1. Need one number: % antiparallel among DSSP beta bridges in segment 104-246, to the nearest 5.
2. Expressed as a whole number of Å, what is the distance separating the alpha-carbon centroids of segment 1-57 and segment 107-149?
3. Across bins of 5 angstrom width beginning at 0, how are the C-alpha pair distances of segment 64-103 distributed, in whole percent?
4. Assigning unit charges at the beta carbon (Lys, Arg +1; Asp, Glu -1) and nothing else, what dipole magnitude in debye, to the nearest 20, does segment 28-94 show about its Cα centre?
5. Given Phe186, Val23, Val82, which one lies farthest toward the positive end of the charge dipole of the chain, if we put +1 on the Cβ of every Lys and Arg and -1 on the Cβ of every Asp and Glu?
6. Over segment 143-194, average the accessible area per residue using a 1.4 Å probe and give it in Å², no decimals.
7. Tell me the carbon and sulfur percent of the accessible area for the chain, rounded to whole percent, probe radius 1.4 Å.
8. Give me Rg/Rg_expected for segment 1-137, where Rg uses Cα atoms only and Rg_expected = 2.2 N^0.38 Å with N residues.
Amino acid sequence: MSEQPILEVDGIEVVYDDAILAVRGVSLTVPEGGVVALLGANGAGKTTTLKAISNLLASEGGRVRRGVVRWRGEDTARLGPVDLVERGLVQVLEGRRVFPQLTVEDNLLTGGYLRRPSRRRLADDLERVYGWFPRLKTKRATRAGLTSGGEQQMVAIGRALMTRPSLVLLDEPSMGLAPIIVQEIFEIIRKLHEDEGVSFLLAEQNANLALRYADRAYVLENGGVAASGGAKEILGDLEALYLGGD
Ligand code: ATP
């Protein structure tokens, strides 16, 4: 038998306001150390699926009404978002939500405090994040609101890394950024995966991009899984679809 996946989503259905069915029976698996892409057009249900996994739906009137999410085999239904962060699961929300008035460094530190670490540990974690994002070190004293869009995305990812996660859920990391910056960010994701064994679940509209970095992918359509498989296989399917080939 293969080892237990780090994350298992088993047939979840999500409703908003007990009326709108946004996710219909989605199942997916992230293996330990895997990079998995969650693809689909605007409104397909990617964000809702990620928030269902990290238990962030309640504040938006959403709830998982069927199915199970398991973290290393444990049903997460009764866990809050902070419990999940403590276990190693963290989400980077769509749209680079930094605290604009705080410096880059203070933004990073807000992530570190979630685990109530010692001062020494916090300093170590900060240096680790600066190692991955040298650009952030040069801007450490700058207010985050004054940095570029790409740097803000790095701050958002860096803040999540301050929690020493084993799995990062990333929602549309490429959105609104120049291709060169997107590539820089994805190369850092690759490095984190290769050097540190961090797993990723990447929600992306840009399938070509995500499939270059992922091992596996799931394609969502109208809240359901329309296709899934190895990244190469899905890339081939999408090319055939767009080029009208078979
Ligand atoms: P995007 O790229 O725009 O984030 P997405 O694939 O992440 O798209 P979701 O944001 O998960 O898709 O949206 C899935 C469906 O759920 C859509 O029909 C959307 O209108 C609906 N929806 C999302 N959030 C809410 C909410 N807070 N209340 C009601 N309906 C919502």
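1. Here the antiparallel bridges make up roughly 55 percent for segment 104-246.
2. A separation of 29 Å, based on Cα centres.
3. 6, 17, 22, 18, 17, 10, 6, 4, 1
4. The calculation lands at about 260 debye.
5. So the residue furthest toward the plus end is Val82.
6. Per residue, segment 143-194 has an accessible area of 35 Å².
7. Here carbon and sulfur together make up 48 percent of the probe-accessible area.
8. Ratio of Rg to 2.2 N^0.38 Å for segment 1-137: 1.19.
The values are calculated or read from the model by the stated rules, or taken from the named source; none is laboratory data. The shown structure was predicted, so the numbers you read here are calculated from the model rather than taken from an experiment. Positions of Cβ are backbone-derived with ideal geometry, glycine not excepted, and every protein chain shown enters the neighbour counts. Ligands, DNA and RNA are stripped out before the accessible areas are found, and what is left, the full protein with its side chains, is counted by its heavy atoms. Shrake-Rupley method; radii C 1.70, N 1.55, O 1.52, S 1.80 Å.
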